[in-house]
Amino acid sequence: MTVSDRPRAVDGLEVTEVKDGLVVYDPERDRVHYMNASAAVIFTFCDGARDRQSIVEAATRVFGGDVMSSRDVEACIAQLRDERILQSAE
């Protein structure tokens, strides 16, 4: 992955805000994903406009570097990609 990598949500997802995060339904794969508050914030930052470094900086600023490290944010982005709910914007 390159510095210009700009993750964004896969098209067609149904996103519902719940008390403690998000519920994301992928109708194409008929899968439901439950995100806690921190994953929901990171997912929201993955809008295709921000590059990975900007997402890491924003998330660590929101949560504080002592609570969420850059490694934690990178791991969350990777997991969201592995679950195929994030893709790289072209």
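The values are calculated or read from the model by the stated rules, or taken from the named source; none is laboratory data. This one's a predicted model, so the numbers in the text were calculated from it and none came from an experiment. Positions of Cβ are backbone-derived with ideal geometry, glycine not excepted, and every protein chain shown enters the neighbour counts.
Being touching a helix residue (DSSP H, G or I) at 6+ places or on another chain (Cβ under 8 Å), without any contact (Cβ under 8 Å) to a residue 24 or more places away in the chain and within 16 Å of Val10 (Cα to Cα) is the filter here, so list the residues in segment 42-78 that pass it.
Matches in segment 42-78: Phe45 only.
Of the residues that sit in segment 25-68 and are of a type in the set (Phe, Trp, Tyr) and under 13 Å from the mean Cα position of the chain (by Cα), which one is surrounded by the most Cβ atoms within 10 Å (Cβ to Cβ)? Explain how you work it out, then say what you get.
From segment 25-68, those of a type in the set (Phe, Trp, Tyr) are 25, 34, 43, 45, 63; that's our starting set.
Imposing the further condition that a residue be under 13 Å from the mean Cα position of the chain (by Cα) reduces the set to 34, 43, 45.
Values: Tyr34: 12, Phe43: 25, Phe45: 20.
Selected residue: Phe43.
Among Gly64, Gly21, Gly48, Gly12, which is the only one that is in contact with a Phe, Trp or Tyr (Cβ under 8 Å, 6 or more places away or on another chain) and at positive phi?
Details: Gly64 fails: in contact with a Phe, Trp or Tyr (Cβ under 8 Å, 6 or more places away or on another chain); Gly48 fails: in contact with a Phe, Trp or Tyr (Cβ under 8 Å, 6 or more places away or on another chain); Gly12 fails: in contact with a Phe, Trp or Tyr (Cβ under 8 Å, 6 or more places away or on another chain).
Matching residue, one of Gly64, Gly21, Gly48, Gly12: Gly21.
Determine whether Pro7 is surrounded by 18 or more Cβ atoms within 10 Å (Cβ to Cβ) and in contact (Cβ under 8 Å) with a residue 12 or more places away in the chain.
Numbers: surrounded by 18 or more Cβ atoms within 10 Å (Cβ to Cβ): yes; in contact (Cβ under 8 Å) with a residue 12 or more places away in the chain: yes.
Considered against the rule, which asks whether it is surrounded by 18 or more Cβ atoms within 10 Å (Cβ to Cβ) and in contact (Cβ under 8 Å) with a residue 12 or more places away in the chain, Pro7 comes out as yes.
What is the one condition in (1) at pLDDT below 95; (2) surrounded by fewer than 15 Cβ atoms within 10 Å (Cβ to Cβ) that Gln87 does not satisfy?
Result: Gln87 passes all but (2).
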